[in-house]
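The values are calculated or read from the model by the stated rules, or taken from the named source; none is laboratory data. Here the structure is a predicted model, which means the values were calculated and not measured. Heads up, the Cβs are rebuilt from the backbone with ideal geometry, glycines too, and the neighbour counts pull from every protein chain shown. For the accessible areas, the whole protein counts, side chains as well, though only heavy atoms, and no ligand, DNA or RNA atoms are used. Shrake-Rupley method; radii C 1.70, N 1.55, O 1.52, S 1.80 Å.
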Amino acid sequence: MIQIKKYVRAAVDCLYPRRCPICHDIVMPKGSLLCTGCRQAVKPIEEPRCKSCGKKLMNEQSEFCLDCTQKTHHFDQGLGIFSYETIMKESILKFKYDGRREYAHYYAWAMVHYEGRQLKLWKPDVILPVPVHKKRRKKRGYNQAEELGKWLEHYTGIPMRADAVFRVVETAPQKKLDPAERRRNLGKAFMINPLYLRDNRLPWKTVLIVDDIYTTGSTIDNISKILKKNGVRKVYFMTICGGKGL
Ligand SMILES: [Zn+2]
Ligand SMILES: [Zn+2]
């Protein structure tokens, strides 16, 4: 069986050679997730970073970014692996809108490679991808956060449940809205799948939310809020990219 899998893999690799998620060229050497040149180019966010949302801080002295000192989040802690800068922006654009769902493999690998220790400390019982509305999913063919969750499950053994939370309102693209509109828009956007509830409680104590980018955190905050309303004690998140802090 393993032998057959290997042959199938090799045939698929020949027909559709793996593309580098950073430069989008065919990856050499074969079997790597990233081409040699790009391996040097990608750098994860380093300390000092915000103790709450993981944003890179400019100031060694502060513990939290400006945003996190000004508001209380519903999530407990989280971080992004890379800065949302040119090369990662292009990578994620292709991942989300250009059908490159296989890039999730590298992103999840990077999460475990760079922040595996943090994941072990958080010890989540389950991985929940940020849901997209079913109409958008149908149009795109997949939910990018779910692809990420699948590979993270593969690497960590923590189960992913893509149907535990769903998006009930098809929200307008967030970037077109001002912050107040965003909050209103997101307030009622998510729902827990009742099939997971026993006496109004979810079966998990600790949850890890995964998504592609952390910007204002309002999406993750809204999901955290309903998770906690339904019995979850700790909510952490991990994203491919974090925003830049102040
Ligand atoms: Zn490359
Ligand atoms: Zn922060």
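The table below lists the values:
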read-out: Of all residues making up the stretch 33-77, the number that are within 16 Å of ligand 1 (Cβ to nearest atom) and not charged (D, E, K, R); value: 9
read-out: Only one of 240, 209, 223 that is at pLDDT 95 or above and part of a helix (DSSP H, G or I); value: 223
read-out: The listed residue being exposed (fewer than 14 other Cβ atoms within 10 Å of the Cβ), more than 12 Å from residue 239 (Cα to Cα), in the same structural domain as residue 235 (by TED's automatic domain parsing) and of a type in the set (Asp, Glu), out of 90, 60; value: 60
read-out: Residue under evaluation residue 16, criteria (1) modelled with pLDDT under 90; (2) in contact with a Gly (Cβ under 6 Å, 6 or more places away or on another chain), criterion not met; value: (2)
read-out: Qualifying helices (runs of 4 or more DSSP H) (wholly inside the stretch 34-141; at least 3 residues being away from ligand 2 (no atom under 15 Å from the Cβ) and touching a residue at least 24 places away in the same chain (Cβ under 8 Å)); value: 86-97, 103-122, 134-140
read-out: Only listed residue being more than 22 Å from residue 103 (Cα to Cα) and modelled with pLDDT of 90 or more, chosen from 78, 54; value: 54
read-out: Every residue from the stretch 189-206 that is assigned to a loop (DSSP other than H, G, I, E, B) and modelled with pLDDT under 95; value: 189, 199, 200
read-out: Enumeration of residues in the stretch 104-128 that are surrounded by fewer than 15 Cβ atoms within 10 Å (Cβ to Cβ) and on the phi < 0 side of the Ramachandran plot; value: 113, 116, 117, 120, 121
read-out: Some residue of the stretch 156-179 being part of a helix (DSSP H, G or I), at pLDDT 95 or above and more than 16 Å from ligand 2 (Cβ to nearest atom); value: yes
read-out: Among residues of the stretch 22-33, those that are part of a loop (DSSP other than H, G, I, E, B), loosely packed, with under 15 Cβ neighbours inside 10 Å and touching a Cys at 6+ places or on another chain (Cβ under 9 Å), counted; value: 4
read-out: Breaking point among (1) surrounded by fewer than 14 Cβ atoms within 10 Å (Cβ to Cβ); (2) in the same structural domain as residue 103 (by TED's automatic domain parsing), for residue 36; value: (2)
read-out: Hits in the stretch 220-244 (condition: within 15 Å of ligand 2 (Cβ to nearest atom) and open to solvent by 10 Å² or more (accessible area, probe 1.4 Å)); value: 221, 236, 243, 244
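So that you can scan it fast, the table gives a plain yes or no per residue for (1) modelled with pLDDT under 95; (2) within 14 Å of residue 241 (Cα to Cα); (3) out of contact with any Ser or Thr (no Cβ under 8 Å at 6 or more places or on another chain):
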site: 60; (1), (2), (3): yes, no, yes
site: 67; (1), (2), (3): yes, no, no
site: 72; (1), (2), (3): yes, no, yes
site: 83; (1), (2), (3): yes, yes, yes
site: 88; (1), (2), (3): yes, yes, yes
site: 101; (1), (2), (3): yes, no, yes
site: 110; (1), (2), (3): no, yes, yes
